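Structure record follows, encoded as structure tokens.
No lab work stands behind these numbers, since they all come straight from the coordinates. Bear in mind the structure is a predicted one, so any value in this text is a computation, not a measurement. Here the Cβ is made from the backbone with ideal geometry for all residues, glycine too, and neighbour counts use every protein chain on show.
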Amino acid sequence: MLDMGFEPQIRRIVEEDNMPATGQRQTLMFSATFPKEIQRLAQDFLDNYIFLAVGRVGSTSENITQKIVWVAEEDKRSFLLDILNAAGLDRTNEPTSKGGVIKAESLTLVFVETKKGADALEEFLYRHGYPVTSIHGDRSQREREDALRVFRSGTCPILVATAVAARGLDIPHVRHVINFDLPSDIEEYVHRIGRTGRMGNLGLATSFFNDKNRNMVRDLVELLQEAKQELPKWLEVIASETRWGGGGGGGRGRSGGGKRFGGGFGSRDYRQADRNKTGTGGASRPGFSNFGGGECKLSRMCVCVCVCVL
């Protein structure tokens, strides 16, 4: 929420809305990526805190199979129809449960970049016989809640969404995330595909890639390699061309250059990184910082960060 611009609202809740006084409350903050700038902002709400990292911060869950497919812009809709048909999500198929409601484990979340694109794709799928709904920033709270309700229940097992559905929503049994439009930065990609493969379940993330997405190819390849995912040869070629040509390097300018995990993307507690830069880190136990709190690395089962103060 801090990353999405809700700092004033959070500050008001913490400081004005009958919250227990500092020292008499426990504060926990969670993020899948936790860029350095957001860590610094979160520090305003914390004191002597512990940084707890589960898995590789900013990485993707090993429960998610990631597929990158080359799809020209004009072919995206027909390619999407092929995927949905193969999954049996067409309304004209035999119902998969009582009342004609699709089973919950068949839920498919389709991400697009714009609100206009979400409306257009929803209308397109509806006209082709698919039970679909959509959610984006121009929808009222009531409309969003209604869309999420019919999606969760399986009444409309296809949800077309913009980035508003990439964070902060826990929807069980999303089996497939489709990036109809890839985001412009790798951090948003991590959040999007994290809607599936949750709570120990397996998930699938399919992303449509074409020339419009070359700006993020190096970050994407690095992420796929780290997650031990299958890397298409054509994607390796594009990444190589981009590397030698000096292009690429998507994102919103937070990484500070260099590798994806080397800057603002948030691979560890930034306090430890800053201390190491100045050479004042001193000795410490492996995995823990010397800043009053600590950094603790657990298993690679998920990609969640918890910052807490007692």
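General observations
- Selection status of R152, closer than 25 Å to A72 by Cβ and out of contact with any helix residue (DSSP H, G or I) (no Cβ under 7 Å at 6 or more places or on another chain): no
- Residue in the range 139-162 that is surrounded by the most Cβ atoms within 10 Å (Cβ to Cβ), counting only those that are of a type in the set (G, A, S) and assigned to a helix (DSSP H, G or I): A147
- Contact annotation: residue pairs with Cβ atoms under 6 Å, 6 or more positions apart or on different chains, pairing a residue in the range 149-165 that is in contact (Cβ under 8 Å) with a residue 24 or more places away in the chain and under 17 Å from A120 (Cα atoms) with a partner that is of a type in the set (G, A, S) and part of a strand (DSSP E or B), are V160/S134.
- Within the range 173-194, the residues that satisfy the criterion of being farther than 15 Å from L121 by Cβ, part of a loop (DSSP other than H, G, I, E, B) and in contact with a helix residue (DSSP H, G or I) (Cβ under 7 Å, 6 or more places away or on another chain) are H173, P183, S184, D185.
- Residue within the range 117-138 that is over 29 Å from L224 (Cα atoms), surrounded by 17 or more Cβ atoms within 10 Å (Cβ to Cβ) and of a type in the set (G, A, S) present: no
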